[in-house]
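Working notes, beginning with the structure itself.
The values are calculated or read from the model by the stated rules, or taken from the named source; none is laboratory data. Keep in mind that this is a model prediction, so the values were computed, not measured. Here the Cβ is made from the backbone with ideal geometry for all residues, glycine too, and neighbour counts use every protein chain on show. All accessible areas refer to the heavy atoms of the entire protein, side chains included, with ligands and DNA or RNA removed. Shrake-Rupley method; radii C 1.70, N 1.55, O 1.52, S 1.80 Å.
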Amino acid sequence: MYACGITPYDAAHLGHAFTYLTFDLVNRVWRDAGHDVDYVQNTTDIDDPLLERARDTGVDWRDLAHREIDVFRRDMAALRILPPTSFVGVVESVDLISDLAARIRDSGAAYELDGDLYFSAAEAPEFGEISHLDRERMLELFGERGGDPRRPGKKDPLDWLLWRAERPDEPAWDSPLGRGRPGWHIECSAIALDRLGPGFDLNGGGSDLIFPHHEMGAAEARCATGGPNAHHHLHVGMVGLDGEKMSKSLGNLVFVSRLREEGVDPAVIRLAMLAHHYRAPWEWTDAELPAATARAERWRAALALGAAPDAAPVLAAVRAALAEDLDSPAALAAVDAWADTALTGGGADTGAPALVRATVDTLLGVLL
Ligand code: 5CA
Ligand code: ZN
């Protein structure tokens, strides 16, 4: 599977964490089922927002990216998110990305505009296969999410940048397309194709990536291989704060690193997120941490008992809940029910606490 990684110009917020927690659940469910999971995640270590932030703060863009990637990895480890098997930067992948862009150009699906290379949407026969949006909505989202629908000279406002020719004061690399740097979408289609091959199982990220990012990436892969990029897509609901999507550009952020500095138990942060189904958008409120803390305390108290109700049904219920579209709230409810019975004196199984602890640790990633 492939999950779209961070653009490392700021620390990871709870929205990012929720997305990677979701992929972590997929990873755990697949491993539990005996699969060998090849999990690739990119990091957008060169892009406009990163360069802007570096310029604004007087930091070298490479140092900024390294610093934030480092914080991200530590946050993910604290949240017990199993690391991807390949964690791949764009800078180290410029050659394979420009090779794919050149292949697309040679196929006739791209055209040059003032030295930049654009994918021609008219050459994408299955365009819309991922998002199923109408053209009007596509144009709106393209403008909001890094696209340039108004650039004069394009054949179609939806045409997107594959390769950006060198600009003054911007980093650039030599390539068959001349000196420049990759457009956004092609970094992910190229890295996924290189590491996973065509037609891998699952691609995804947050729901803000459905369009244009995954639609355009799918068109690139289809152009290069004749087939789909991934067989399935998974998109995680947006986490918001105060009625707005939590986003670096809006600045309404709750950082994982900040919570950790404040001494919040990472298991509690994880439990707070698990209480929400991955597909539904939700709001982070002040009620999240107290509720998750209370749950962790109840579970810890039950696990400390010498005897408790049989745990085999809990394991089965957690597995069944996760198998049902990653229903983490139902998985938590199964453990809650067991803990409640145990704490009211039910059950005489001395091995039960250890099995519940292992279930919660392995399948939900919560270490108690
Ligand atoms: N580097 C690109 C993907 S190639 C990017 O979108 N980076 S990001 O830093 O903006 O987001 C990293 C991941 O977190 C993406 O999968 C994105 O969809 C997801 N994400 C961003 N904001 C939220 C949010 N508020 N709630 C849930 N997921 C989010
Ligand atoms: Zn991506």
Quiz item: Any residue at all in region 68-75 that is within 12 Å of ligand 1 (Cβ to nearest atom), closer than 25 Å to residue 254 by Cβ and assigned to a strand (DSSP E or B)?
Solution: no
Being in contact with a Leu (Cβ under 9 Å, 6 or more places away or on another chain) and acidic (Asp, Glu) narrows 170, 129, 136, 123 down to just 170
The condition of being within 16 Å of ligand 2 (Cβ to nearest atom) and either modelled with pLDDT under 95 or open to solvent by less than 50 Å² (accessible area, probe 1.4 Å) (or both) holds, among 212, 266, only for 212
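One line per residue, one yes/no per condition, for (1) farther than 21 Å from residue 217 by Cβ; (2) out of contact with any Phe, Trp or Tyr (no Cβ under 6 Å at 6 or more places or on another chain):
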position	(1), (2)
40	no, no
45	no, yes
79	yes, yes
85	no, no
104	no, yes
Note on region 174-227: residues of a type in the set (A, V, I, L, M, F, W, C), closer than 17 Å to residue 41 by Cβ, out of contact with any His (no Cβ under 9 Å at 6 or more places or on another chain) and within 14 Å of ligand 1 (Cβ to nearest atom) are 186, 190, 191, 192
Looking at region 318-331, can you tell me whether even one residue there is touching a Pro at 6+ places or on another chain (Cβ under 9 Å) and open to solvent by less than 60 Å² (accessible area, probe 1.4 Å)?
yes
Just one listed residue, out of 65, 11, 33, is out of contact with any Lys or Arg (no Cβ under 7 Å at 6 or more places or on another chain), of a type in the set (Gly, Ala, Ser), over 30 Å from residue 165 (Cβ atoms) and within 13 Å of ligand 1 (Cβ to nearest atom), and it is 11
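Residue-by-condition table, conditions (1) away from ligand 2 (no atom under 14 Å from the Cβ); (2) more than 22 Å from residue 275 (Cα to Cα); (3) in a loop (DSSP other than H, G, I, E, B):
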position: 17; (1), (2), (3): yes, no, no
position: 20; (1), (2), (3): no, no, no
position: 26; (1), (2), (3): yes, no, no
position: 29; (1), (2), (3): yes, no, no
position: 36; (1), (2), (3): yes, yes, yes
position: 41; (1), (2), (3): no, yes, no
position: 49; (1), (2), (3): no, yes, no
position: 52; (1), (2), (3): yes, yes, no
position: 62; (1), (2), (3): yes, yes, no
